[in-house]
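Here's the structure, in structure tokens; my notes come after.
The values are calculated or read from the model by the stated rules, or taken from the named source; none is laboratory data. All figures in this text were calculated on a predicted structure; none of them were measured in a lab. Here the Cβ positions follow ideal geometry from the backbone for every residue, glycine too, while neighbour counts run over all protein chains shown.
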Amino acid sequence: MPPDPFPDMAERQKDVIHLLRQKLRRSLARHRIERSLPRLMNILPRLKARDSRAATVKLCCACMIDDG
């Protein structure tokens, strides 16, 4: 039997599947953020100053999710 021309193909496939899942997760997260952004913007002014700052930081970090 000839040697396997792509000995690490199974490992590469796992890596590719992992990357695709990550990308899908990120795009789904971005979609959820964009969909709930108007509601979040309505809530933000009503929060206490400390909570408002924390929420703003979380929102900014969430919006910076890269598409990959």
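A few remarks follow.
- Selection status of L19, at pLDDT 70 or above and either surrounded by 11 or more Cβ atoms within 10 Å (Cβ to Cβ) or in contact with a Leu (Cβ under 9 Å, 6 or more places away or on another chain) (or both): yes
- Boolean, R30 is surrounded by 10 or more Cβ atoms within 10 Å (Cβ to Cβ), out of contact with any Leu (no Cβ under 8 Å at 6 or more places or on another chain) and at pLDDT 65 or above: yes
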